[in-house]
Amino acid sequence: MRRALRRRRRTLAAGLAVAAATLALGGRAAPEPTADAGAATAPAARPVELVSAPVRIADAAAVRLLEPGDRVDVVAAGEHGEQARVVAADARVAQVPEAGEESLDGGALVVLEVPRSVSTALVGAGAGTPLAVTLR
């Protein structure tokens, strides 16, 4: 009887360990084998690294509409007959200025969370053209 109880406890402990490991991995299922088992598998995609990018938005009134957690598109105004273009799509607002923190030129600084590659595009666009945001 004691042996049966020990086995039952071990089985239960093993089951709990498997469940904990599954939850720790986010419930991901094992990849299904492909038809060509001898072929090399592609490396897993790396998660996108997000960085905080301070961005000066030309219209401070538009910035007052934003709250942390909002999703925005950042648009660079066209100059010399160029069309406006989206510099950053679906950027998350991390921080907005306090009331009264506007600059002399009427703009306002917003901190956005964007992928590193998009942050360089934002810096380049913001250096030469006024930037605007659209709420998503």
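The values are calculated or read from the model by the stated rules, or taken from the named source; none is laboratory data. Note that the coordinates shown come from a computational prediction; the quantities given were computed from them, not determined experimentally. Cβ: placed from backbone, ideal geometry, glycine included. Neighbour counts: every protein chain shown.
Filter segment 62-84 down to the residues that are modelled with pLDDT under 90 and surrounded by fewer than 12 Cβ atoms within 10 Å (Cβ to Cβ) and list them by number.
GLY78, GLU79, HIS80, GLY81, GLU82, GLN83
Between a residue in segment 58-77 that is over 11 Å from LEU112 (Cβ atoms) and any residue that is of a type in the set (S, T, N, Q) and not in a strand (DSSP E or B), which pairs come within a Cβ distance under 7 Å, given they are 6 or more apart or on different chains?
Taking only residues 6 or more apart or on different chains, the pairs are ALA76/THR129; ALA77/THR129.
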